[in-house]
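This structure is in structure tokens; I'll ask about it shortly.
The values are calculated or read from the model by the stated rules, or taken from the named source; none is laboratory data. These numbers come from a predicted model, not from an experiment. Cβ sites come from the backbone with ideal geometry, for glycine too, and all protein chains shown count toward neighbours.
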Amino acid sequence: MRSSKTLWAAMALAAALPAQAVVLTGEVRAIDAQQVLTPQSNTSPVVIRYYVPEGERVKKGDVVLRIDPGQSASRIPELEAQIEQGRAKDAKEIAELEVKAVEAEMSLVDAEAELATAKLDATIPPDLISALDYDRHQGELDRATREVTLKRKDLEAARAAVQRRIHDGRLQIDKLVLQRDYHTALVRTSEVVADRDGIVVHGFNNNWIGGRIDEGSSTMPGSKAGEVVGSGRMNVRAWALEPDRRGLAVGQSVELTFDALPGRKVKGRIDFISGAPDRRPEWGEGRYFTLDITPEANTLTLMPGMSVRVIARPPTTAGRERAP
């Protein structure tokens, strides 16, 4: 009985102690914004060679950010020139081979005409001509027959040479085209194109590099370099360590303060909590739950990337249970 009373006393004491507020770190995020991610590269970090100035409006299809594509940008015009030169060279050499094929065909026609004449002469009976003329006609028939066979082989070889040159030229051009398309794809993947109309907002390096991300800055491939903000609707993305998760709930009211707007507080509401925690290597070894918070209507001018302090206070209890 005494142990039961002791347990109830401990529970009552724990209930009487004020629960601590949960303080989270977050940032302002545009709801309908395009994430501008640094393109992937074989080197790390990468240097941003082109970045639309912050606050400038872009249209769908405009290039927002570009990193150094390496030698691919200079290789494209070189390959284009090689393709044009290769096609011109192929056309010239194929035309020359086709001329040779026509000449071989004409030689075959002449040889066939001589063979037809030799066949007529060879059909003359030996009784009507001298033995010498008869032997000469038979010899001419043999020679003309061999000549026609040779000319036919020459024509086949000439036509085969034309087809072989066409095939070889096509293979070489296709190889150059593939190389050009490959380097074109590399250049294309080194760019980020706007998928909507909006305002460009630059981000910050949340890693060991640090600092604002602008043209000429270094950043990590795949990291967020900024946003293209559309309608301007904002919310807050916050992160809670695993031990702090139990003090949070969807629909819970929170208090928001912004580093860029000291002394100003805004009420908000937790709309979403991720089902499982994720690691954030830039913050250490801890695992964090992701929260989406909607600020209440306010007149503050918020910009994506602003740091936010989120305070989630525990609900007050209406009463306390008494120990029996």
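From the list 311, 293, 213, which residue is at pLDDT 80 or above, in contact with a Phe, Trp or Tyr (Cβ under 8 Å, 6 or more places away or on another chain) and not charged (D, E, K, R)?
Answer to the check: 213.
Only one of 116, 101 is of a type in the set (Gly, Ala, Ser), over 30 Å from residue 310 (Cα atoms), outside the structural domain of residue 257 (by TED's automatic domain parsing) and over 57 Å from the mean Cα position of the chain (by Cα); which?
Exactly one residue qualifies, and that residue is 116.
State all residues of region 204-223 that are among the hydrophobic types (A, V, I, L, M, F, W, C) and part of a loop (DSSP other than H, G, I, E, B); if no residue qualifies, say none.
208, 209, 213, 220
Does residue 226 count as farther than 14 Å from residue 302 by Cα and either surrounded by fewer than 18 Cβ atoms within 10 Å (Cβ to Cβ) or without any contact (Cβ under 8 Å) to a residue 40 or more places away in the chain (or both)?
no
For every residue, the table says whether it meets (1) buried (at least 17 other Cβ atoms within 10 Å of the Cβ); (2) touching a helix residue (DSSP H, G or I) at 6+ places or on another chain (Cβ under 9 Å); (3) within 25 Å of residue 37 (Cα to Cα); (4) outside the structural domain of residue 38 (by TED's automatic domain parsing).
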{"site": "221", "(1), (2), (3), (4)": "no, no, yes, no"}
{"site": "236", "(1), (2), (3), (4)": "yes, no, yes, yes"}
{"site": "242", "(1), (2), (3), (4)": "no, no, no, yes"}
{"site": "248", "(1), (2), (3), (4)": "yes, no, no, yes"}
{"site": "259", "(1), (2), (3), (4)": "no, no, yes, yes"}
{"site": "281", "(1), (2), (3), (4)": "no, no, yes, yes"}
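Residues checked against (1) at pLDDT 90 or above; (2) farther than 30 Å from residue 302 by Cα:
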{"position": "1", "(1), (2)": "no, yes"}
{"position": "6", "(1), (2)": "no, yes"}
{"position": "29", "(1), (2)": "no, no"}
{"position": "37", "(1), (2)": "yes, no"}
{"position": "60", "(1), (2)": "yes, no"}
{"position": "96", "(1), (2)": "yes, yes"}
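Also, quick follow-up: Could you check region 28-48 and list, in sequence order, the residues that are of a type outside the set (Ser, Thr, Tyr), assigned to a loop (DSSP other than H, G, I, E, B) and crowded, with 19+ Cβ neighbours inside 10 Å?
Residues satisfying the conditions are 33, 39.
Cβ contacts < 8 Å: first residue more than 17 Å from residue 91 (Cα to Cα), restricted to region 169-181; second residue acidic (Asp, Glu), any location; separation 6+ or different chain. Result?
Listed pairs, sorted by first residue: 180/80.
Confirm whether residue 215 is acidic (Asp, Glu), under 29 Å from the mean Cα position of the chain (by Cα) and surrounded by 14 or more Cβ atoms within 10 Å (Cβ to Cβ).
The answer is yes for residue 215.
Evaluate region 187-203: report whether one residue or more is surrounded by fewer than 15 Cβ atoms within 10 Å (Cβ to Cβ), part of a helix (DSSP H, G or I), aliphatic (A, V, I, L, M) and under 17 Å from the mean Cα position of the chain (by Cα).
Within region 187-203, none of the residues are surrounded by fewer than 15 Cβ atoms within 10 Å (Cβ to Cβ), part of a helix (DSSP H, G or I), aliphatic (A, V, I, L, M) and under 17 Å from the mean Cα position of the chain (by Cα).
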